[in-house]
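Down below is the structure, laid out as structure tokens.
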Amino acid sequence: MFDHDLGPLTSAVLDVRMLLSVANDALDDLYAARLIGSRRLFRDLTKRIAHGDMFCPTALQDLDAVVQPLIALIDVEWREEFHVDEHCPEGGWSMWERTQRGAQLQEMAGPFLALHRAVHAAVHLIEAERAAAKIGSELFS
């Protein structure tokens, strides 16, 4: 999202910061739709998002705890439609589409899923920079 002149880690952290508000709104919607089972988890994530505290291990666990069951719900909301075509050797073709519920879930969860991806991308960059610094210090010591 952000300019690469900033550096990949800075850009990734800014991406996370830009998503916090819309992800918080999505989190509220998901909780209101009873798609987040734990009030504690909802409360903790809401606080973390409000404070921008997204890079600690507990925040990652909480994000994963919401996203994994949510993705499982979205992933089952597909249907196969067969389109008859007399000119097709197989008589037609199959096409997979999201159900209406699946499309609604995807739209509702989209900003929160984007935050999840952005946080994990930033954490991977943080880990890569730490590993590079460690290797650099070992090489030059």
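Here, each number is a calculation from the coordinates, and none is a lab measurement. All of these numbers come straight from a predicted model, not from anything done at the bench. Glycine gets a Cβ as well: all are built from the backbone with ideal geometry, and neighbour counts include every protein chain shown.
How about the range 14-48: which trypsin sites (Lys or Arg not before Pro) there are in a DSSP loop, with at most 16 other Cβ atoms within 10 Å of their Cβ?
In loop regions of the range 14-48 (DSSP not H, G, I, E or B), the sparsely surrounded trypsin sites (Lys or Arg not before Pro) are 34.
Among 94, 11, 21, which comes first, then next, by fewest other beta-carbon atoms within 10 Å?
94, 21, 11
At 0.36 nm per residue, and after removing the present C-alpha to C-alpha distance, how many nm does the segment from residue 47 to residue 135 gain when stretched out fully?
28.1 nm
Rank-order 22-33, 106-117, 68-79 by packing density, defined as the average count of other C-beta atoms within 10 Å over each peptide's residues, highest first.
Peptide ranking by packing, descending: 106-117, 22-33, 68-79.
Averaging over all projection directions, find the projected area of the Cα convex hull of the range 28-89 and quote it in nm² with one decimal place.
With every direction weighted equally, the projected area is 6.9 nm².
Within the P(r) computed for the chain, what percentage of the Cα pairs occupies the region above 28 Å?
38
What distance in nm separates the two pseudo spin-label positions at residue 14 and residue 80, each 7 Å out from Cα along the beta-carbon direction?
4.6
Return the sequence-ordered ³J(HN,Hα) values of the range 32-37 in whole Hz as given by the Karplus equation 6.51 cos²θ - 1.76 cosθ + 1.60 applied to θ = phi - 60°, using x for Gly and Pro.
For the range 32-37, the Karplus-derived couplings read 4, 7, 6, 9, 10, x Hz, x marking Gly and Pro.
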